[in-house]
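Asks: Following this message is one structure expressed as structure tokens.
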Amino acid sequence: MRDVAIIGVGMIPFGRRDQDSLVDMLAYASLKALDDAQLGDKAVDAVYVANMGGGILQHQTAIASALVDRLSLLPAAADTVENGPASGASAVKNGVLAVASGYYDVVLVAGGEKMREVSGWRATDFVATLTHPEVEYPYGITLPGMAGMFTRLYMEKYGLTREMLTAVAIKNQTVGTLNPYAHVTMAITKEGILESPHSVVNNPIIADPLHLYDACPISDGAAAVLLCPLEMAKKLTKHTPVVIAGFGQATDTHTLQEREDPTDLKAVTLAAQQAFTMAGIGPEDIDVAELHDAFTILEVAESEHVGFFKKGEGGKAALAGRTKLGGEIPINVSGGLKARGHPVGATGVAQVVDITWQLRHELPEGRQVLGATYGLTVNFGGFGNNVLSLILKRSA
Amino acid sequence: MSEIKITGYKCKACGRVHYPKHEQCLTCKGRDFEPLTPDGNARLLAYTQIFNLPWGFDERFLIIGVGEFENGIKAMGQIKADSLDKIKTGMELKPSWEPVRHQYGEPVYGLKFKPLE
């Protein structure tokens, strides 16, 4: 197996992009990655496109075929990867395997989603199609609803509080104001969303006990990375190469109710463990992490399940500022899904783009983790039934 | 009230109860199952009240929970309550089989739980 490097990255600002089609967004992000790589006359051998909802929301399928045509990358191989909200990291993983195996040399991975052209009512229903079609979906359960049930169980078992979740929301939206790619660039305060009488109106319950500011926005957006063998990257790129040091993926039961302990996100633990084993490091070696905070509870729970904190300690750590920039393990210095946004197919790729910028030491003060060598991502599919973790390393 | 049309599956090899159906047991990979119907009342394991509903629902909110029946079947259902004020994890629930939504003008039947004081 060959070492695989990220030779180029690109992202377009997330948010509401009424003027752009899904393929427009994928193409713009891909061109940025191609330009960043300075590929010269090297051909792109294969393209993997992460997208969850093209068939439902845009009535468009075969998105990868459309993208290679739009970019005139013919006759590159092209595959669309649909793995729910974990589509992005799944596509990256498939790209890494293709390069590592020696079959392809240059692989473009792009992830994108266009969710704002339908009503919130429809977008919520679209995401809920990943629940079990017979024993969950008919009841009107939503992903916020799944997260709400999970949060209450976590509160009952570990004493997690709203104040702890609020600390995550404030942290991520504060740093999001510094991210030009973020959908939400509005700072929030504890008084405004938790303590003042107005907080009931400012921050209503969406899925008890979760409130509006516990949830990510519904976003349009796209991100892309270009992969090649490390040895080729050293010759081609002006950047310090960033390598995929490890990856892992695991699944769990489709329904939360069939898990022996529904607060135990086994797939997160297993995916991270696989990635750590492959990279030959442990959680203590990670300098910066992008965790899948579609809801504040998920950042807390994932920070525990990947091994940064003991079970039940993640909320306390967030409240104590241990996960802020400058803390012992900065989490979601991009603003995370909470502020950057969550165009579902784009998210796993965007996490890799943000970690690559961190490991190249290219971000401005206020966002850059000084001296970062290792970064970790968690891309959380379903409600924890299909999870990927990637570990990236700044190549010496 | 019509019968509750849920079938659980108890692995004949190890006894694990499954709902929904799996072709192989989650614990031992066994393929022989004894069909089970829900037995008696249920105990509330988890719940939430959702205010941002998906397409297809006109209600102002839904209260949804997971109940565990006396024979081990765990199933999601809608909870018949006006608020969460009297809802508690571990409380007893009386199940029923009623319309839980409408699609294309037709009722879709499913599990509902009435909280018992």
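The values are calculated or read from the model by the stated rules, or taken from the named source; none is laboratory data. Keep in mind that this is a model prediction, so the values were computed, not measured. Quick reminder, even Gly has a Cβ in these numbers, built from the backbone with ideal geometry, and neighbours come from all protein chains shown. Side chains included, ligands, DNA and RNA excluded: accessible areas come from the protein's heavy atoms. Shrake-Rupley method; radii C 1.70, N 1.55, O 1.52, S 1.80 Å.
Asks: Exactly one condition in (1) among the basic types (Lys, Arg); (2) farther than 27 Å from residue A:154 by Cβ; (3) in a strand (DSSP E or B) is not met by residue B:112; state its number.
Replies: (2)
Asks: Is it the case that some residue within region B:4-13 is open to solvent by 30 Å² or more (accessible area, probe 1.4 Å), under 11 Å from the mean Cα position of the chain (by Cα), more than 24 Å from residue A:129 (Cβ to Cβ) and in contact (Cβ under 8 Å) with a residue 40 or more places away in the chain?
Replies: Yes, there is a match, as at least one residue in region B:4-13 is open to solvent by 30 Å² or more (accessible area, probe 1.4 Å), under 11 Å from the mean Cα position of the chain (by Cα), more than 24 Å from residue A:129 (Cβ to Cβ) and in contact (Cβ under 8 Å) with a residue 40 or more places away in the chain.
Asks: Could you list, in sequence order, all residues of region A:364-373 that are in contact (Cβ under 8 Å) with a residue 24 or more places away in the chain and either surrounded by 24 or more Cβ atoms within 10 Å (Cβ to Cβ) or hydrophobic (A, V, I, L, M, F, W, C) (or both)?
Replies: Passing the criteria: A:369, A:372.
Asks: Okay, next question. Going through A:142, A:189 one at a time, which residue ends up being within 14 Å of chain B (Cβ to nearest Cβ) and closer than 24 Å to residue A:335 by Cα?
Replies: Among A:142, A:189, only A:142 is within 14 Å of chain B (Cβ to nearest Cβ) and closer than 24 Å to residue A:335 by Cα.
Asks: Among the residues of region A:336-343, are any surrounded by 24 or more Cβ atoms within 10 Å (Cβ to Cβ), small (Gly, Ala, Ser), in a loop (DSSP other than H, G, I, E, B) and out of contact with any Lys or Arg (no Cβ under 9 Å at 6 or more places or on another chain)?
Replies: Checked region A:336-343: at least one residue is surrounded by 24 or more Cβ atoms within 10 Å (Cβ to Cβ), small (Gly, Ala, Ser), in a loop (DSSP other than H, G, I, E, B) and out of contact with any Lys or Arg (no Cβ under 9 Å at 6 or more places or on another chain).
Asks: Another question, then. Return the residues of region A:193-229 that are open to solvent by 20 Å² or more (accessible area, probe 1.4 Å) and part of a helix (DSSP H, G or I); say none if nothing qualifies.
Replies: A:194, A:195, A:200, A:201, A:202, A:212, A:213 - these are the residues of region A:193-229 that are open to solvent by 20 Å² or more (accessible area, probe 1.4 Å) and part of a helix (DSSP H, G or I).
Asks: Of all residues in region A:295-329, which are at negative phi, surrounded by fewer than 24 Cβ atoms within 10 Å (Cβ to Cβ) and assigned to a loop (DSSP other than H, G, I, E, B)?
Replies: A:308, A:309, A:310, A:311, A:313, A:320, A:322, A:324, A:325, A:327, A:328, A:329
Asks: Taking region B:22-37, which residues are assigned to a loop (DSSP other than H, G, I, E, B) and more than 9 Å from every other protein chain (Cβ to nearest Cβ)?
Replies: Listed by number, the residues that qualify are B:23, B:24, B:25, B:27, B:28, B:29, B:30, B:31, B:32, B:37.
Asks: Can you name the residue in region A:113-134 that is out of contact with any helix residue (DSSP H, G or I) (no Cβ under 9 Å at 6 or more places or on another chain) and more than 19 Å from residue A:384 (Cα to Cα) and is also most open to solvent (accessible area, probe 1.4 Å) among such residues?
Replies: Only one residue tops the list, namely A:121.
Asks: So, one more: Limited to region A:83-101, what total is found for residues that are closer than 30 Å to residue A:128 by Cβ and crowded, with 19+ Cβ neighbours inside 10 Å?
Replies: 12
Asks: Follow-up. Are any of the residues in region A:251-260 part of a helix (DSSP H, G or I), under 28 Å from residue A:166 (Cα atoms) and open to solvent by less than 10 Å² (accessible area, probe 1.4 Å)?
Replies: no
Asks: To continue, here is another question. Against the condition open to solvent by less than 70 Å² (accessible area, probe 1.4 Å), within 11 Å of chain A (Cβ to nearest Cβ), in a loop (DSSP other than H, G, I, E, B) and not charged (D, E, K, R), how does residue B:89 come out, does it pass?
Replies: So residue B:89 passes the test.
Asks: Turning to a different aspect of this structure: Among the residues of region A:102-112, are any within 20 Å of the chain's Cα centre (by Cα) and open to solvent by 10 Å² or more (accessible area, probe 1.4 Å)?
Replies: No, region A:102-112 contains no residue that is within 20 Å of the chain's Cα centre (by Cα) and open to solvent by 10 Å² or more (accessible area, probe 1.4 Å).
Asks: Looking only at region A:261-286, count every residue that is over 19 Å from residue A:96 (Cβ atoms), under 19 Å from the mean Cα position of the chain (by Cα) and open to solvent by 50 Å² or more (accessible area, probe 1.4 Å) and tell me the total.
Replies: Of the residues in region A:261-286, 1 are over 19 Å from residue A:96 (Cβ atoms), under 19 Å from the mean Cα position of the chain (by Cα) and open to solvent by 50 Å² or more (accessible area, probe 1.4 Å).
Asks: A further question follows. Take the residues in region A:21-66 that are among the polar types (S, T, N, Q) and under 26 Å from residue A:116 (Cβ atoms); name whichever of them is surrounded by the most Cβ atoms within 10 Å (Cβ to Cβ). So that I can check it myself, show each step before the final result.
Replies: Step one: filter region A:21-66 for residues among the polar types (S, T, N, Q), giving A:21, A:30, A:38, A:51, A:58, A:60-61, A:65.
Going one step further and asking which of them are under 26 Å from residue A:116 (Cβ atoms), we end up with A:21, A:30, A:51, A:58, A:60-61, A:65.
Working: A:21: 17, A:30: 30, A:51: 32, A:58: 18, A:60: 16, A:61: 13, A:65: 15.
Restricting to residues being among the polar types (S, T, N, Q) and under 26 Å from residue A:116 (Cβ atoms), the top hit is A:51.
Asks: Here's something else I'd like to know. Restricting attention to region A:140-157, and to residues there that are under 23 Å from residue A:83 (Cα atoms) and without any contact (Cβ under 8 Å) to a residue 40 or more places away in the chain, which single residue is surrounded by the fewest Cβ atoms within 10 Å (Cβ to Cβ)?
Replies: Checking each candidate, the answer is A:140.
Asks: Taking region B:38-86 only, how many residues are open to solvent by less than 20 Å² (accessible area, probe 1.4 Å), part of a loop (DSSP other than H, G, I, E, B) and at the interface with chain A (Cβ under 9 Å from one of its Cβ atoms)?
Replies: Of the residues in region B:38-86, 3 are open to solvent by less than 20 Å² (accessible area, probe 1.4 Å), part of a loop (DSSP other than H, G, I, E, B) and at the interface with chain A (Cβ under 9 Å from one of its Cβ atoms).
Listed here are the residues, each with its yes/no results for (1) among the aliphatic types (A, V, I, L, M); (2) within 14 Å of another protein chain (Cβ to nearest Cβ).
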| site | (1), (2) |
| --- | --- |
| A:230 | yes, no |
| A:240 | no, no |
| A:246 | no, no |
| A:269 | no, no |
| A:273 | no, no |
| A:295 | no, yes |
| A:315 | no, no |
| A:321 | no, no |
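Asks: Specify which of the listed residues (A:302, A:290) is more than 14 Å from every other protein chain (Cβ to nearest Cβ), under 24 Å from residue A:146 (Cα atoms) and out of contact with any His (no Cβ under 8 Å at 6 or more places or on another chain).
Replies: None of the others qualify; the one that does is A:290.
Conditions (1) closer than 30 Å to residue A:55 by Cβ; (2) in contact with a Pro (Cβ under 8 Å, 6 or more places away or on another chain), marked per residue:
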{"position": "A:115", "(1), (2)": "yes, yes"}
{"position": "A:121", "(1), (2)": "yes, yes"}
{"position": "A:131", "(1), (2)": "yes, no"}
{"position": "A:141", "(1), (2)": "yes, no"}
{"position": "A:150", "(1), (2)": "yes, yes"}
{"position": "A:156", "(1), (2)": "no, no"}
{"position": "A:161", "(1), (2)": "no, no"}
{"position": "A:164", "(1), (2)": "no, no"}
{"position": "A:171", "(1), (2)": "no, no"}
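Asks: If you check every pair at least six apart or on different chains, which have Cβ atoms under 9 Å apart with a residue in region A:339-359 that is modelled with pLDDT of 95 or more first and a residue that is acidic (Asp, Glu) and open to solvent by 10 Å² or more (accessible area, probe 1.4 Å) second?
Replies: These pairs meet every condition: A:345/A:82; A:356/A:362; A:358/A:287; A:359/A:287.
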